[in-house]
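Values in this text are rule-based calculations from the coordinates and carry no lab data. This one's a predicted model, so the numbers in the text were calculated from it and none came from an experiment. All Cβ positions, glycine included, derive from the backbone under ideal geometry; neighbour counts span all protein chains shown.
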Amino acid sequence: MKAATAGQMRLLDKMAIESYGIPGIVLMENAAMAVTNRALEYLKLTAKNDVIVVCGGGNNGGDGLAAARHLYQQGIDTSVFLLAEASKLKGDAAVNFNIAKNIGIPIKEVHSDEDIKEFICHLKCADLVIDAIFGTGIKGAIEGVAAHVINAINVYNGYVIAVDIPSGINGDTGEVCGCAVEADETVTFALPKIGEIIYPGKKYAGMLTVADIGIPAVAVDNADICFYYVDRNDINLPLRDPDSHKGNYGHVVIIGGSNGFSGAPIMASKAAIRSGAGLVTAVVPSEIYNVVASSSQEVMVRPAPDDGEGRFAADALDIIMDFIKKADAIAIGPGMQVSDDIIYILGTILNNVNIPVVLDADALNAIAKQPDLLFAKKAPLVLTPHPGEMSRLTGLTVNEVQKNRIKTAADFAKEHDVVLILKGAATVTACPDNHVYINSTGNAGMATGGSGDVLTGIIASLIAQGMKIEEAAYTAVFSHGLAGDMAAKSRGMHGMIAGDIIDNIPMCFKEFLSH
């Protein structure tokens, strides 16, 4: 599904109102009903009845005031704490304030230390808190009364539902603006906001529900939005023809490994064949050939000359190129290590091969040492850096990379005409046509050695089977994360290893095809 920045969402709201004639107060009412329904589901499940709605002075607060009215009408013990002067409310928010006041909902303005103390006192008895303080348009650090209220909510032990986005989260970057509400769930409207599907904002959002509030689908379809939040509905694995054979499903060649790092090409190869590739060949330095071959019964393993230290030698190139001629997709880098010979081999491949190439691990480190390799390429490329590798590729610090993952990935993809997968929590797949795909699967148990090699194998496998590289990239990332989620469910996160992810790839794909 598409995902929006704060500015894009404002334009969609404006289009719905001005171009399609949907009054803003109708959109607000629909938003409030979506929040109300989630609140009622929670309260019914827990048999609880005391709700506090904390509202700001903008439209987010108006959504909260309307939700408070619906809850009150349902017999829920509802009170509102308003972090604004009622007399300064405008538009639809003012309308909903007046209705709430007129039907008797207790509303308390919060301005002073005494007001904050009263809020905290009420908070201790609440079963549910609804955060409607700030929306997506927040700028600058939160301070003063709002900061005290947000910090009090975060100390509170009950359930918290955020309206549209947790207050204090930047809707475009996911950054925390000084402080932010730590919600158990967020009910967002029309489209997910970028800031709540990437970290750290995603952590504050909790479980995310995307609610339809009546913005026409045609408006969303026609909007100039190039961000996507990948979920199961975006995954389309090709069906298999009953009258087919291994040659119909592509040949992947994995080039990698070195002394002490034989496991990386093994895992990439196993992941590729578990993901449906008809044939997989691993080309490895001769010193580790026996280890790799004995661990990979379904994979063809071929030795190539090494440099005496367990890495590919320059004269391995002829053998590697011979196998590449038979490939539908290539993956280079897992466990390879970097040397002058490796840079020479990689440069020659990129200069002469026109089939898709997935670059991972030390292939990326080689490029960091000689960046012009990317500009001389003939092949369509997928790069799969983790933040440390991205730092080396760009010259940015890891902190700078992580602070703005989407822009960093998108800028690199466009400049170098590659598909760039920036790995990590909420992995970002950026394409040279400006499309950016943010992943929704995965867990902390996948932070284990070899996990990236597994992803490399899945990507190469899907490309070899005929997927376009953009679709193969985000599909592989989603599948990798879902297989990891399945592994975590059965084994727990602490004991997960990369092999557990591989083991769950078939079940992951089976689940896609069953829907």
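Compute the signed sum of charges (Lys and Arg +1, Asp and Glu -1) over the other residues within less than 10 Å, Cβ to Cβ, of Leu27. Around Leu27, the charge tally is -4. Computed on the Cα trace of the stretch 2-224, the radius of gyration divided by the Kirkwood hydrodynamic radius gives Rg/Rh = 0.94. The residues neighbouring Gly214, those whose beta-carbon lies less than 13 Å from its own, together hold a net charge of -3 under the Lys/Arg +1, Asp/Glu -1 convention. Each peptide in 312-320, 98-106 was scored by the mean count of other Cβ atoms within 10 Å over its residues; highest first, the order is 312-320, 98-106. Structure note, pairs Lys2/Lys414; Lys14/Lys139; Lys377/Lys510: Cα-Cα distances above 26 angstrom occur for Lys377/Lys510. Is the shape of the stretch 246-513 best called rounded, prolate or oblate, per the rule: a/c under 1.5 gives rounded, else a/b larger than b/c gives prolate, else oblate, with a ≥ b ≥ c the square roots of the Cα gyration tensor eigenvalues? Here the stretch 246-513 falls in the rounded category. Based on every Cα atom in the stretch 233-353, Rg and the maximum pairwise Cα distance Dmax equal 14.9, 50 Å.
Within the shell defined by Cβ-Cβ distances under 10 Å, the residues around Ser258 carry a net charge of -4, with Lys and Arg each +1 and Asp and Glu each -1. Which parts of the stretch 169-189 would a label at Ala141 reach, counting a residue when its backbone N lies under 20 Å from a point 7 Å out along Cα-to-Cβ? So the set is 169-182. Overall, the stretch 240-332 carries a charge dipole of about 360 debye about its Cα centre when +1 sits on the Cβ of Lys and Arg and -1 on the Cβ of Asp and Glu, all other atoms neutral.
If you take the charge dipole of the chain about its Cα centre, with +1 on Lys and Arg Cβ and -1 on Asp and Glu Cβ, which of Ala444, Gly91, Gly335 is farthest toward its positive end? Of the options given, the answer is Gly91.
Counting only residues at least eight positions apart within a chain, or on another chain, the aspartates and glutamates with an alpha carbon under 13 Å from that of Lys270 are Glu298, Asp453, Asp500, Asp503. The lysines whose alpha-carbon is closer than 21 Å to the alpha-carbon of Lys124, local same-chain residues fewer than 8 away aside, are Lys44, Lys48, Lys108. In terms of the mean number of neighbouring beta-carbon atoms within 10 Å, the peptides 359-367, 48-56, 5-13 order highest first as 359-367, 48-56, 5-13. Secondary-structure-derived ellipticity at 222 nm for the chain, considering helices only, amounts to -13500 deg cm²/dmol, per-run term -39500 (n - 2.57) for DSSP H runs with n ≥ 4.
Residues Ser294, Ser440, Ser339, Ser514 in ascending order of nearby Cβ atoms (within 10 Å, fewest first): Ser514, Ser294, Ser339, Ser440. Rounded to the nearest 10 degrees, the inclination of helix 263-274 to the longest alpha-carbon principal axis of the chain is 70 degrees. The distance linking the stretch 247-299 with the stretch 391-424 is 28 Å (Cα centroid to Cα centroid, whole angstrom). Once you keep just the Cα pairs under 8 angstrom separated by 6 or more residues, what percentage relative contact order results for the chain? Relative CO of the chain lands at 12 percent. Separation of the stretch 350-379 and the stretch 64-100, taken as the distance between their Cα centroids, equals 58 angstrom. Relative to the dominant Cα principal axis of the chain, helix 451-464 is inclined by about 70°. As a rough guide to protection, the peptides 416-427, 233-244, 489-500 ranked by mean Cβ packing within 10 Å, highest first, stand as 416-427, 489-500, 233-244.
Straight-line cross-link reach from Lys202 at under 13 Å between alpha-carbon atoms covers these aspartates and glutamates, not counting any fewer than eight positions away in the same chain: Asp164, Asp172, Glu175, Glu182, Asp184, Glu185.
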